[in-house]
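These notes are about the structure you will find just below.
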Amino acid sequence: MFNIPNLRNSYSIFAAGLSFYSLLHPLKKVKNQRSLYNDGFLVLENFFSPEQCNELIQLFDDLEQSCAITYGSDRRIFGLDLVSDIHRDLVGKNKKAHEIGTSYIGSDLELVTTLGGKVKRDPDNLGSGGGWHRDSFLSQFKMIVYLTDVDEDNGPFQYVNGSNLLRGKLKDASYRDKGDIRNPRYEDEYVRMLVGKKGFDLTTFTGKAGTAILCDTSGIHRGMPVVNGTRYAVTNYYKSKSLLWKRNGDGIIDKLAQETAAKVNKQKSSND
Ligand SMILES: O=C(O)CCC(=O)C(=O)O
């Protein structure tokens, strides 16, 4: 009998759908930013000064107790652009990140939220983002800026090079078990196989406080599990203004950001 769940797990249907969508929404090879297209990321050093990083950390610390949400080893505050001037003006409204993302995705982007994140060692120790994953199978743009120096020990961002490209997505899906084709989460062993045997490269982003990573999070990525120390970062989430890029999950992040704003407003009015 005609079985929809089986059909949904078919490689051919997944590949045809993704290819069709990618034909309609081609990613752009922008001059001077080819690594964003070819590898899925672009690194800009000294994007923020040490003083700016410290100010952003201080604000996170001030709000952590009342506003942070815990996800494994992550402490996250969504919507910092709604409650902090420096998060809004320096990070959320950052012109350079917006311009680069818009030219890569090929349609005007808008900020969904500026997230503040702090990662520490935790018993499950999956790292920021909860292990290897794609945020979606369709391209998505984010900017992560480290606010503390990041080495191999305190949770650097990691990315499987080229896993943002259609050919990377199709190649990877062809290795997966049928039931996993649409699963955006990956076991460590699977990523080791992609990197060790299937010719993908892996980048681990160590860097000084103030380093920005602009990336397409439809590629396979994670925050490496923390061995020692703490990592602070801010992340801009963007979405396209075009209706053709609408996703099922749109709205969840906005809601979390509004919750932060409501908590901070309540705190302010009880202090008045
Ligand atoms: O901040 C990081 O290092 C990774 C976070 C992540 O994977 C995510 O939010 O999707």
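No lab work stands behind these numbers, since they all come straight from the coordinates. Because the structure is a prediction, the values reported are computed rather than measured. Virtual Cβ from ideal backbone geometry, glycine too; neighbours counted across all protein chains shown.
Taking the Cβ of Asn125 as the center, what net charge do the other residues with Cβ under 13 Å away carry, scoring Lys and Arg +1 and Asp and Glu -1? Write out the running numbers ahead of the final one.
Values: positive: Lys120, Arg121, Arg222; negative: Asp74, Asp122, Asp124, Asp153, Asp188.
Charge balance near Asn125 sits at -2.
Hey, with R₀ at 30 Å, roughly what FRET efficiency would Thr230 and Ser136 work out to, going by the Cβ-Cβ distance, to 0.05? Intermediate results must be reported in sequence, preceding the final value.
Numbers: r = 29 Å, r/R0 = 0.95.
According to the calculation, E is roughly 0.55.
Could you give the size of the charge dipole of the chain about its Cα centre, using +1 on the Cβ of each K and R and -1 on the Cβ of each D and E, expressed in debye and rounded to the nearest 20?
Values: 37 positive and 33 negative charges, 239 e Å.
Result for the chain is approximately 1140 debye, rounded to the nearest 20.
If each DSSP helix of 4+ residues adds -39,500 (n - 2.57) and the sum is divided by the residues in the chain, what number results at 222 nm, nearest 500 deg cm²/dmol? Working shown, then result.
On the way: 9 runs with 96 residues, N = 272.
When only DSSP H runs of four or more count, the value is -10500 deg cm²/dmol.
Find which of Met143, Ala173, Pro184 sits farthest along the positive direction of the dipole of the chain, computed with +1 on the beta-carbon of Lys and Arg, -1 on that of Asp and Glu, about the Cα centre.
Ala173
What is the fewest-to-most order of Thr102, Thr217 by other Cβ atoms lying within 10 Å of their Cβ? Numbers along the way, then the final one.
Numbers: Thr102 19, Thr217 23.
Ranked by crowding around the Cβ, least crowded first: Thr102, Thr217.
Taking trypsin sites (Lys or Arg not before Pro) as exposed when DSSP calls them loop (any state but H, G, I, E, B) and at most 16 other Cβ atoms lie within 10 Å, what is the longest stretch of the chain free of them, the sites themselves excluded?
Working: sites that count: Lys28, Lys29, Lys31, Lys93, Lys120, Arg121, Arg176, Arg182, Lys197, Lys198, Lys208, Lys241, Lys246, Arg247.
The segment 32-92 is the longest one with no such site.
How far, in degrees from 0 to 90, does helix 252-271 lean away from the longest principal axis of the Cα atoms of the chain, to the nearest 10?
That works out to roughly 10 degrees.
Along the Cα→Cβ direction, 7 angstrom out, place labels at Leu202 and Lys241. What is the inter-label distance in nm?
In this crude label model, Leu202 to Lys241 measures out at 4.0 nm.
Given 0.36 nm per residue, what is the gain on full extension from Asn271 to Lys178 after removing their alpha carbon distance, in nm?
On the way: separation 93, 0.36 × 93 = 33.48 nm, distance 5.60 nm.
Once the chain is fully extended between Asn271 and Lys178, it gains 27.9 nm.
Suppose each label sits 7 Å from its Cα in the direction of the beta carbon; what would the Asp124-Arg88 distance come out to in nanometres?
So the label points at Asp124 and Arg88 sit 3.4 nm apart.
Normalised by the residues of segment 102-235, what does the relative contact order come to in percent, with Cα pairs under 8 Å and at least six apart?
Values: 263 pairs, mean separation 69.9, N = 134.
Across segment 102-235, relative contact order equals 52 percent.
Quick one: net charge of Gly17's neighbours, Cβ under 12 Å, K/R +1, D/E -1?
Numbers: positive: Arg8, Lys169, Arg182; negative: none.
The answer is +3.
How far apart, in nm, are the 7 Å Cα→Cβ label points at Arg192 and Ile253?
3.2
Using a 10 angstrom cutoff on alpha carbons, build the Gaussian network for the chain and name the most mobile of Asp74, Asp135, Asp61.
Residue with maximal mean-square fluctuation among Asp74, Asp135, Asp61: Asp61.
For the chain, set up a GNM with springs between Cα atoms under 10 Å and report which of Glu259, Glu187, Glu64 has the largest fluctuation.
Answer for the Gaussian network model of the chain: Glu187.
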